[in-house]
Amino acid sequence: MSDTKLPVHGFVLAGGKSSRMGQDKALLPFCGRPMIEIAVEKLREFCAEVSIVGNREDLQVFAPVVREERLNVGPAAGVEAGLFAALQPWTMFIPVDVPLVPLEVLGTWVAAVIEQQAAGYGASCLLVNQQRQPAFCMMRRECYGSVTLALERGERRLDDILINLDKDKGVGGVWVCDVAKLAYTPNPAYLDRKLWFSNVNTAQELVEAEAWAVASKV
């Protein structure tokens with residue numbers, strides 16, 4: 001990756017309850033390193049600022065922590081908090097529990113979104129095997145008002161909030177970007193793309209993800 005940082009404030013979404021794992025996922029070792037450390041390190045490769053969203057003071061050792069004001073709302077509350085705290089024109093959000101996503105894919109996507117902003121886009125999310133991945137999203141800082149209004153209306157699904165951003169507020173449209181076009185290898189295999197963006201929710205999924213990481217030398 002280039003040493004040049006992009007005008008993006010990257011946020012790791014770490015506010016989940018980890019109920020299926022049975023223990024805290026942010027600090028759960030993945031191939032010997034806490035998953036929060038892996039996510040923060042990736043964002044620091046290209047983001048001018050990096051923070052963690054979640055009411056977790058214990059994670060301050062990895063990056064500054066931004067607190068969520070809304071409780072029991074899901075990742076949309078973390079996105080709202082990140083947009084409010086953003087120190088750069090663009091924000092980027094990734095989940096803490098997806099350690100296999102390639103750094104190169106994230107970096108290429110961020111650069112592409114910034115290049116596309118002249119076309120009127122104010123946000124973007126990734127498309128993986130024809131499925132949108134709203135937890136991997138980018139938004140201009142100006143989207144804060146639209147996200148807050150959506151939450152006030154009772155909307156909770158991040159996918160719905162993203163796709164229905166209020167264009168009349170000058171926010172702009174949403175670019176749904178196919179990850180197959182961003183990969184460092186042409187048209188990566190369907191299974192590879194699926195594993196890249198799979199959440200590690202259970203102990204068995206952790207074992208499988210680590211085995212794949214070792215075999216693939218990720």
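The values are calculated or read from the model by the stated rules, or taken from the named source; none is laboratory data. Bear in mind the structure is a predicted one, so any value in this text is a computation, not a measurement. Every residue, glycine as well, gets a Cβ built from its backbone with ideal geometry; the counts of neighbours run over all protein chains shown.
Of note:
- Selection of the stretch 160-194 for residues being surrounded by 13 or more Cβ atoms within 10 Å (Cβ to Cβ), part of a helix (DSSP H, G or I) and at pLDDT 85 or above yields I161, L162, V179.
- Hits in the stretch 103-122 (condition: in contact with a helix residue (DSSP H, G or I) (Cβ under 7 Å, 6 or more places away or on another chain) and within 18 Å of F46 (Cα to Cα)): L103, V105, L106
- Residue list for the stretch 57-76, filter: crowded, with 20+ Cβ neighbours inside 10 Å and in a loop (DSSP other than H, G, I, E, B): F62, A63, E68
- Between V40, V101, V66, the distinction of being within 19 Å of C125 (Cβ to Cβ) and not small (G, A, S) belongs to V101 only.
- Subset of the stretch 195-215 [in contact (Cβ under 8 Å) with a residue 12 or more places away in the chain and either part of a helix (DSSP H, G or I) or touching a strand residue (DSSP E or B) at 6+ places or on another chain (Cβ under 6 Å) (or both)]: L195, W196, F197, A203, L206, A209, E210, W212, A213, V214
- Screening V147, V174, V179, V113 for residues that are within 26 Å of T202 (Cα to Cα) and among the hydrophobic types (A, V, I, L, M, F, W, C) leaves exactly one candidate, V179.
- Selected residue (only one of E80, E69 is over 12 Å from the mean Cα position of the chain (by Cα) and over 21 Å from D159 (Cβ atoms)): E69
- Some residue of the stretch 58-65 being closer than 30 Å to A189 by Cα and in contact with a helix residue (DSSP H, G or I) (Cβ under 8 Å, 6 or more places away or on another chain): no
- Between L106, L127, L151, the distinction of being in a helix (DSSP H, G or I), at pLDDT 80 or above and farther than 30 Å from G32 by Cβ belongs to L151 only.
- For the stretch 85-103, residues that are polar (S, T, N, Q) and either assigned to a helix (DSSP H, G or I) or surrounded by 20 or more Cβ atoms within 10 Å (Cβ to Cβ) (or both) total 1.
- Summed over the stretch 82-137, the residues that are under 23 Å from S198 (Cα atoms), of a type in the set (A, V, I, L, M) and free of Cβ contacts under 8 Å to residues at least 60 places away in the same chain give a count of 2.
- Only a single criterion out of (1) closer than 25 Å to G122 by Cβ; (2) out of contact with any helix residue (DSSP H, G or I) (no Cβ under 9 Å at 6 or more places or on another chain); (3) modelled with pLDDT under 95 is not satisfied by G15, namely (2).
- Every pair of residues 6+ apart whose Cβ atoms lie under 7 Å, when the first sits in the stretch 24-37 and is acidic (D, E) while the second is surrounded by fewer than 20 Cβ atoms within 10 Å (Cβ to Cβ): D24/S18
- P134 meets the stated requirement of being assigned to a strand (DSSP E or B) and buried (at least 19 other Cβ atoms within 10 Å of the Cβ).
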